[in-house]
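First comes the structure, then the notes that go with it.
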Amino acid sequence: MASFIFAAGDEEPNPLVPHLSEIILVLVIFGILFFLIRKFVVPQFEATFAARRDAIEGGIARAEQAQAEAAAALANYQAQLADARGEAGQIREEARAEAQRIVEDLRTQAQTESARIIARGEEQLAVQRSQVVRELRGEIGTLAVELAEKIVDQTLSDDVRVRATVDEFLADLQARDAAAGAGA
Amino acid sequence: MTDVSIAAPNPGFEAPGPRDFQLRDVFFGNQLLLTKAALLLVLAAVIVFAFLYLTARKKALVPSKGQYLGEQAYDFVRTGIARDSIGDHDFAKYVPLLVTMFFFILVNNSFGLIPLLQFSPFSIAGFAYGLAGMVWIIYNAIGVQRHGLLGYLKLQCVPSGVPAWILPLLIPLEFMSNFLIRPVTLSLRLFANMFAGHLLLLLFATGGEYLLIHATGPTVLLKTAGVMSFVMGVAVGFLELIVAILQAYVFTLLTAQYISGSLAAEH
């Protein structure tokens, strides 16, 4: 190697032959640069990259959280709305049922009342009728006797035969009356 | 074109050669440590560290322009080279090495195109050998540490899923390829690209100067050729810019690939 150190002029040096000092020199300089970069440059860049990644991912996480919260609030609101709707429907149903029940009650009450009124009327009518019949039955004999007296010009009122005749007449009348009632 | 003074080698012009890469010591006459190339290596280390440190220091979540530039550059190596080659699980450990390597080589290579500096340190073979030798030691050490010596040799030399009868042929080939050829190609690729690029630039620059000023012959033809030579020199300069970036990338990418290969479970 030493022969190339002062090579000049006509003698061409071989460029492929190195000096040991060159190899050592480049390794020393490279080594120093390597340690400086490893200690002062790489950690700082990596820290910056990590911080930036965190910031971006943190932002995304925060956005996702906000979105989840909004979704939860929406679901909550919709559930409440559904509850309220259900409750309103229930109340409406109850009101309708109540109204129907009241109408039914009133109808039943009215029917009962009317039936009662009709029954009492019929009862009164029956009573009055039997009373009338009874009164007529008492008077009709008298009227018939008076009529007969006028016709035959004789007093038959205390005669037993006359009484029998009247009773027979009345029975006959009653029978006819009953037949007429049945026919009607 | 048949002019004698151009067709014949002009005795006044001395073509640039490997001799031009023998730099003088800055202070003393002999070439030892304080050469221009050595100073450029130190300058490159200072520039790389200053750039990365100043842009990394602020650590703002919303970066300024400078910080953004530094982050992009760092992330290019971290994600584009380290993570893509080595994988999510192991890459973080090797990011400092790969970041240092990429920017150190890149800045050194670009020195070849910067006026006044105009020299790529890696056009001196010794520097390229140094880095490649370091890579060789690193990826082999990682492999031995991960798999044990025998396991690592098996991983590198015995490809899986290959019929047994072909193994006697493959094992020496794989051994050569992975242990002997890798460091040679790694260093020579970087060195030769930088060397050839610098030589080309020298040739066009010195040749152009010679044609324009010193050469004797038909003036119009010589001046035209001289101007063309400078134009070519500028074009080669742009080509060198691409080569400078590409070589830094390739060297770092291959280092990452070798490390990844040493970490792999299966070949």
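The values are calculated or read from the model by the stated rules, or taken from the named source; none is laboratory data. These figures come from a predicted structure and were not determined experimentally. Glycine gets a Cβ as well: all are built from the backbone with ideal geometry, and neighbour counts include every protein chain shown.
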**helices (runs of 4 or more DSSP H) completely within the stretch B:58-150 that count 2 or more residues being over 30 Å from A:Gly59 (Cα atoms) and facing chain A (nearest Cβ under 8 Å)** = B:95-110, B:125-147
**Request:** Quick one: in the stretch A:161-180, of everything that is among the β-branched types (Val, Ile, Thr) and at pLDDT 75 or above, which residue is nearest to A:Arg134 (Cα to Cα)?
**Result:** A:Val166
**Item:** Complete set of residues in the stretch B:219-256 that are of a type in the set (Ser, Thr, Tyr) and touching a residue at least 24 places away in the same chain (Cβ under 8 Å)
**Value:** B:Ser229, B:Tyr249, B:Thr252, B:Thr255
**Request:** Check whether at least one residue in the stretch B:258-265 is assigned to a helix (DSSP H, G or I), out of contact with any Lys or Arg (no Cβ under 7 Å at 6 or more places or on another chain), surrounded by fewer than 18 Cβ atoms within 10 Å (Cβ to Cβ) and of a type outside the set (Ser, Thr, Tyr), and report yes or no.
**Result:** no
**Asked** Does the stretch B:92-111 contain any residue that is modelled with pLDDT of 90 or more, surrounded by fewer than 19 Cβ atoms within 10 Å (Cβ to Cβ) and within 30 Å of A:Pro15 (Cα to Cα)?
**Response** yes
**Complete:** The residue from A:Arg101, A:Arg134, A:Arg116, A:Arg129 that alone is without any contact (Cβ under 8 Å) to a residue 24 or more places away in the chain and farther than 29 Å from A:Ala178 by Cα is A:Arg101
**Request:** Would you be able to say whether some residue in the stretch A:24-36 is touching a Pro at 6+ places or on another chain (Cβ under 7 Å), within 14 Å of chain B (Cβ to nearest Cβ) and under 30 Å from B:Val95 (Cα atoms)?
**Result:** yes
**Check on A:Ile140, in a helix (DSSP H, G or I), more than 48 Å from the chain's Cα centre (by Cα), exposed (fewer than 10 other Cβ atoms within 10 Å of the Cβ) and of a type in the set (A, V, I, L, M)** = no
**Request:** Would you check if there is a residue in the stretch A:71-93 being surrounded by 10 or more Cβ atoms within 10 Å (Cβ to Cβ) and either β-branched (Val, Ile, Thr) or not in a helix (DSSP H, G or I) (or both)?
**Result:** yes
**Asked** Out of the residues in the stretch A:37-66 that are surrounded by 13 or more Cβ atoms within 10 Å (Cβ to Cβ) and basic (Lys, Arg), which is farthest from the other protein chains (Cβ to nearest Cβ)?
**Response** A:Arg52
**Item:** Criterion (surrounded by 15 or more Cβ atoms within 10 Å (Cβ to Cβ), touching a His at 6+ places or on another chain (Cβ under 6 Å) and not in a loop (DSSP other than H, G, I, E, B)) met by exactly one of B:Leu155, B:Leu200, B:Leu253
**Value:** B:Leu155
